[in-house]
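Some notes on the structure that comes next.
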Amino acid sequence: MEFPKFNLHPQVAAGVKAAGYTSPTPIQQQAIPSVMAGCDVMGLAQTGTGKTAAFVLPILHRLMQGERGRVRALIVAPTRELAEQINESINQLGRQTRLRSITVYGGVGVNPQIEKLKQGVEIVVACPGRLLDHINQGTINLSKLEVLVLDEADQMFDMGFLPDIRRILKHIPQERQTLLFSATMPDDIRRLAHDILTEPVTVQVGNTAPPVTVTHALYPVSQHLKTPLLLELLRHTDTESVLVFTRTKHRAKRLGEQLEKAGYKAASLQGNLSQNRRQAALDGFRDGTYQILVATDIAARGIDVSQISHVVNYDIPDTAEAYVHRIGRTGRAAKSGDAFTLVTSEDTVMVRTIEKKLGAQLERRTVEGFDYSVPAPHKDSEFARPPREPQRRKPQAAGQGAGGGPATPAKSGAAGRPQPHAVKPAHPGAAPTARHPQRSTRAR
Ligand code: AMP
């Protein structure tokens, strides 16, 4: 099926053409006709599948008819970054429609939002907290709402937004079309879907399976050698743009600094940054100012940087779902990508759980020439296992899928071979290697 088959309004179809989309992705093929028919839809799809356009296009089509200057579509998203991305898609795909869309989220001034709402908009993309503020202060009028979208519902649940969502639902018309998108379907989301969707059409693509375009590999290593191994991997791999995940904000900040010190154009994205600095890090990553972005799961949620060539799990995630979410950032919309995960012997259970979820064994690789035998420099060094930050999502049951001993490195030389176009640090020479580990530097 091709886009013309949808019979989108010509001004919306022009946006599709301008965006360079030639054929719809599977989620778009499944969802667009049902949404255009006015049905409630439950979409099981992760980031990277083209799910945003799957709801944005039918919404733009619908809003081409009817009143302007009223909020007629509301999209609720868990993070500011995701809200911005959705708004960008709306602006890109709706550039010919003269429909107006704004973002509404906290951490930035409320007055510009109030001003834009007064001027009149048809689409609002909002995070739950600030949206409720506007509702409570009477600065948003949702009485004409026709379509509600809850995007990344499972993430909203993870972040504790479900009570806010239920409050928002009390302030919008009962008579409406509701679309719910989620990468996973935990019980609470299933219940929410049951409560708010009427005879929904379920569309599903690659449920919790990462994009097929991604090549996965595990790099077994000791905790204290993770940074030197990452530097070695970066040196020997042809990377365009790398998203690195750490378990904690503190580790994200510190690893970002270490990579910068090693000469890479790197930035870190973590919850402690002001909105301006988060945006600067994201914009810099998107426009290539930064080649490497180090982030925690929450900070990186929804990041859409189409050209991400590599995702590196510096720390393995706590759940198989989180692994799929992280990996969804590369190999987006049919681009290929690589996903490297640094694993220690403590990660064996989670590795088995992830492999079970993926239905395949992940390849173990070693980097040729890297000295894996360098001892830890200090017992309480900075490379010691990180303390876990409080997790909102329950980790998967220990022991699930476990079956073997610690992950053992495969014979060296199978992969991780120096590649012809390895990216060099901006000012080479500063990178520590396993052979010359740098002394620990305390994080500032
Ligand atoms: P999403 O899953 O909505 O975050 O989309 C992932 C990426 O795929 C975004 O960069 C979109 O611009 C891109 N995309 C969405 N639909 C298509 C399509 N039909 N053809 C090519 N790229 C697309």
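Check each of the trypsin sites (Lys or Arg not before Pro) in the range 81-161 and keep only those in coil by DSSP with at most 11 other C-beta atoms within 10 angstrom; list them in order. Filter output for the range 81-161: Arg98. Across the range 57-88, the residues whose backbone nitrogen lies under 18 Å from the label position 7 Å along the beta-carbon direction of Ala18 are 57-65, 85-88. Here's how it looks for Ser241: its modeled amide H is under 5 Å from those of Ser309, His310, which are all 5 or more places away or on a different chain. The phi-based Karplus calculation (6.51 cos²θ - 1.76 cosθ + 1.60; θ = phi - 60°) puts the 3J(HN,Hα) values of the range 244-257 at 10, 9, 10, 6, 10, 4, 4, 5, 5, 4, 5, 5, x, 5 Hz, whole numbers, x for Gly and Pro. Amide H contacts of Gln177 (H built 1.01 Å from N, in plane; Pro and chain starts excluded): Val147, Leu148 sit under 5 Å, all sequence-distant by 5 or more or on other chains. Take the Cα of Asn141, step 7 Å toward its Cβ, do the same at Gln279, and the gap between the two points is 2.8 nm.
Lys and Arg at +1, Asp and Glu at -1: add these up for the other residues within a Cβ distance under 12 Å of Asn91 and post the number. Its environment carries a net charge of +1. Legend: ranking of residues Tyr105, Tyr21, Tyr290 from fewest to most surrounding C-beta atoms inside 10 Å; resulting order Tyr21, Tyr105, Tyr290.
Put a dot 7 Å past the Cα of Arg166, heading toward its Cβ, do the same for Asp238, and the two dots end up 5.3 nm apart. The GluC sites (Glu not before Pro) of the range 61-136 meeting both criteria, a DSSP state outside H, G, I, E and B (loop) and at most 15 other C-beta atoms within 10 angstrom of the site's C-beta, are Glu67.
Between amide H atoms placed 1.01 Å from N, distances below 5 Å from Arg247 occur with Asp315, all of them 5 or more places distant or on a separate chain.
We did not get these values from a lab; they are worked out from the coordinates using the rules stated. Please read these numbers as outputs of a predicted model, since none were measured by experiment. As a convention, Cβ positions derive from the backbone with ideal geometry for all residues, glycine included, and neighbour counts pool all protein chains shown.
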